[in-house]
Amino acid sequence: MGVSEPVAATSARDVPAVEVVDLVMRYGSTTAVDGLSLTVEPGTVTAILGPNGAGKTTTIETCEGFRSPHGGSVRVLGLDPVADGHLLRPRVGVMLQSGGAWSGARSYEMLRHIASLHAHPLDVDALIERLGMGSYGTTPYRRLSGGQQQRLSLAMAVVGRPELLFLDEPTAGLDPAARRSTWELIAELRSSGVTTVLTTHFMDEAEALSDQVHIVDAGRVIASGTPQSLASSGSKNTLRFTARPGLDVEDLMLALPHDTKVDEITPGAYVVAGAVDPQLLALLATWCAAQGVLTESLLVERQTLEDRFLELTGKALR
Amino acid sequence: MTSPTTLDLSPRPGSASRAAMLKAQTAMELRLQTRNGEQVLLTMIIPLVLLVLGARASQIVDLGPGRTIDIVTPGILALAVLSTSFTSLAIATGFERRYGIIKRLGASPLPRWGLLFGKIGAVVIVEVVQLAVLSGVGLLMGWEPHGGLTALGQMVLLVVLGTAAFGSLGLLIAGTLRAEATLAVANLVYVLLLVGGGLLVPLSRYPEAARHVLELLPSGALGQGLRDTFTGDGPTAFTTVVLLIWAVCASLMVSRTFKWE
């Protein structure tokens, strides 16, 4: 083992952490995943975002090696999750969406057990303290609240010091404080070099945590990108400003990128519609300066990922 | 507010050694089993109560020629094997599937053989304790086993075969049915075999038609085999072969059908 580890670490940098190509998964006559493709770069946090039933869990569990693809292919750290499962399991941390502990096992005992299956686990006491689990360390699993079970499940995923983490809805059922601390842990794991793939139906979670977001609906990826690029690529970005009435909007439009539209909706109130980015703001400011116009208020109405999701799928997330 | 403990989260993956994983898994299974009241009732209390009551069974049932305690004790040992390797294992495994424990462990470095051998290890340890305690109580109550070390060896062989047969049947049920159905079936089979499976009452006391069926069941073969063992005659080849066939067929079936999720 000691000899093979450095080799594994170098090779991990050359291949995508996860590569899913045209994945198809069916349950009976239902197609849960329908030609889904995505790539996860090492060292990043990737969110798979979508409503219930979109195929998120099926996709992630196929990456975890729980089932074989019915179509397409899945590679994790360059390996086949089913055939090479024994090589992958020590390197990959998994947080299931629910369950995963004996009802009579105490939190501490359960975490210690998972730790004992790994070669270089995190210090269990330190992890318990870090996640604020001390108050229920000796409580049997069946008496834990949903949020406490989620924390234990997260702890079990990270305790083996994996290089890749799959977290299936890591913050479902958490109160805001616990949610925030889960976010902090994921950010810290990222800066320690751990690659994370998480599923969520919380927009703010995807926006706050991830380098890359894949929006999934009906078993397919319908949009991918950074949270910023996804949000701003929609059609609803606007910029509102007020200035003296009667500005020459035709001239302003000439100064701005050609697909930008400017309207004076009421005297002195202007709306700029288009790809609102820093360049646009700079061009607007330059034009105003040249005209001797002082903008009295300026408001960027950036579309959120949530708006974008609604626009892409025609439905709300939850 | 305490400052968060610093943890080195940088990747350092690796499996524990096979021996360490197997030890951890067996110890965990064993701890959970002994903590569970129903399991202790099933594996220790019920056989003990039946042993004590059974010593007076001749007043109710005619167990045939011989001292009652010499007939009852080997049957109780067979019952103990059934309770641990079949009922207890099936119920525990059924709920492990239901609560995603097998899935969770399936995502850990613990290989499937590790999970299986952890279970076998825990079952064997519980059986050793059961057999020691129940034989001890039997001896205190006047049980006189014959056959010396040979009988001990024959008992080990029969218990191993019986455990393999019942254990595989238990896993077969746990791997096929839902947890609640597994619970019901495992308990029902336990009660049926306890009452009429040839475990406690010698096969010679059953009507002939029933006897021909019972001697082909693993319960009848194990019960009769152990009774024959401690009379000093040793189990018949027929009994041993019946157990062997059950053990081989059931373990082959479970290895083909068991679903780990």
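The values are calculated or read from the model by the stated rules, or taken from the named source; none is laboratory data. Everything numeric in this text was worked out from a predicted model, so none of it was measured. Backbone-built Cβ (ideal geometry, glycine too); neighbour counts: all protein chains shown.
One residue stands out among those in segment A:205-219 that are of a type in the set (A, V, I, L, M, F, W, C) and surrounded by fewer than 23 Cβ atoms within 10 Å (Cβ to Cβ): the one that is farthest from residue A:46 (Cα to Cα), which is A:218. Exactly one residue among B:11, B:4 is modelled with pLDDT under 90 and either within 14 Å of chain A (Cβ to nearest Cβ) or closer than 30 Å to residue B:201 by Cβ (or both), and that residue is B:4.
Every residue, every condition in (1) within 12 Å of another protein chain (Cβ to nearest Cβ); (2) modelled with pLDDT of 90 or more; (3) within 22 Å of residue A:43 (Cβ to Cβ), yes or no:
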| position | (1), (2), (3) |
| --- | --- |
| A:159 | yes, yes, yes |
| A:170 | no, yes, yes |
| A:187 | yes, yes, yes |
| A:199 | no, yes, yes |
| A:221 | no, yes, yes |
| A:228 | no, no, yes |
| A:231 | no, no, no |
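Residue B:177 meets each of the listed conditions (1) away from chain A (no Cβ under 14 Å); (2) surrounded by 21 or more Cβ atoms within 10 Å (Cβ to Cβ); (3) among the aliphatic types (A, V, I, L, M) apart from (2). Looking at segment A:177-201, which of its residues are more than 19 Å from residue A:162 (Cβ to Cβ) and either loosely packed, with under 15 Cβ neighbours inside 10 Å or without any contact (Cβ under 8 Å) to a residue 60 or more places away in the chain (or both)? If the condition is that a residue be more than 19 Å from residue A:162 (Cβ to Cβ) and either loosely packed, with under 15 Cβ neighbours inside 10 Å or without any contact (Cβ under 8 Å) to a residue 60 or more places away in the chain (or both), then A:177, A:178, A:179, A:180, A:181 are the ones that fit. For residue B:205, the criteria (1) more than 17 Å from the chain's Cα centre (by Cα); (2) within 14 Å of chain A (Cβ to nearest Cβ) hold in every case but one, which is (2).
Could you tell me whether any residue of segment B:75-90 is more than 22 Å from residue B:178 (Cα to Cα) and within 14 Å of another protein chain (Cβ to nearest Cβ)? No, every residue in segment B:75-90 fails to be more than 22 Å from residue B:178 (Cα to Cα) and within 14 Å of another protein chain (Cβ to nearest Cβ). Flag not set for residue A:126, criterion: touching a strand residue (DSSP E or B) at 6+ places or on another chain (Cβ under 7 Å), in a helix (DSSP H, G or I) and within 13 Å of another protein chain (Cβ to nearest Cβ). Taken residue by residue, segment A:73-92 has no member that is touching a residue at least 40 places away in the same chain (Cβ under 8 Å), in contact with a Pro (Cβ under 9 Å, 6 or more places away or on another chain) and part of a helix (DSSP H, G or I). Across segment B:56-67, a minimum of one residue is classified as farther than 29 Å from residue A:60 by Cβ and either within 14 Å of chain A (Cβ to nearest Cβ) or crowded, with 20+ Cβ neighbours inside 10 Å (or both).
In the set (1) over 14 Å from residue A:95 (Cβ atoms); (2) touching a residue at least 24 places away in the same chain (Cβ under 8 Å), residue A:165 fails one condition alone, (1). Among the numbered conditions (1) modelled with pLDDT of 95 or more; (2) part of a strand (DSSP E or B), the only one that residue A:154 does not meet is (2).
Residues that are free of Cβ contacts under 8 Å to residues at least 12 places away in the same chain and crowded, with 17+ Cβ neighbours inside 10 Å within segment B:212-261 comprise just one, B:228. Taking the criterion of being surrounded by fewer than 18 Cβ atoms within 10 Å (Cβ to Cβ), more than 10 Å from chain B (Cβ to nearest Cβ) and polar (S, T, N, Q), the only residue of segment A:70-120 that qualifies is A:73. Going by the conditions given, is residue A:113 in contact (Cβ under 8 Å) with a residue 24 or more places away in the chain, farther than 22 Å from residue A:169 by Cα and assigned by TED's automatic domain parsing to the domain that holds residue A:143? For residue A:113, the condition - in contact (Cβ under 8 Å) with a residue 24 or more places away in the chain, farther than 22 Å from residue A:169 by Cα and assigned by TED's automatic domain parsing to the domain that holds residue A:143 - is not met.
Checking each residue in segment A:18-73 for being touching a Phe, Trp or Tyr at 6+ places or on another chain (Cβ under 9 Å) and not hydrophobic (A, V, I, L, M, F, W, C) picks out A:50, A:51, A:58, A:61, A:64.
If the condition is being assigned to a loop (DSSP other than H, G, I, E, B) and surrounded by 18 or more Cβ atoms within 10 Å (Cβ to Cβ), then segment A:46-68 contributes A:50, A:54, A:55, A:64, A:65, A:66.
Just one of the listed residues (A:5, A:19) is outside any loop (DSSP other than H, G, I, E, B), modelled with pLDDT of 95 or more and under 17 Å from residue A:87 (Cβ atoms), namely A:19. State yes or no: is residue B:172 free of Cβ contacts under 8 Å to residues at least 40 places away in the same chain, under 17 Å from residue B:86 (Cα atoms) and not basic (Lys, Arg)? In short, no.
Residues of segment A:134-155 that are within 12 Å of chain B (Cβ to nearest Cβ) and crowded, with 17+ Cβ neighbours inside 10 Å: A:140, A:141, A:149, A:152, A:153, A:155.
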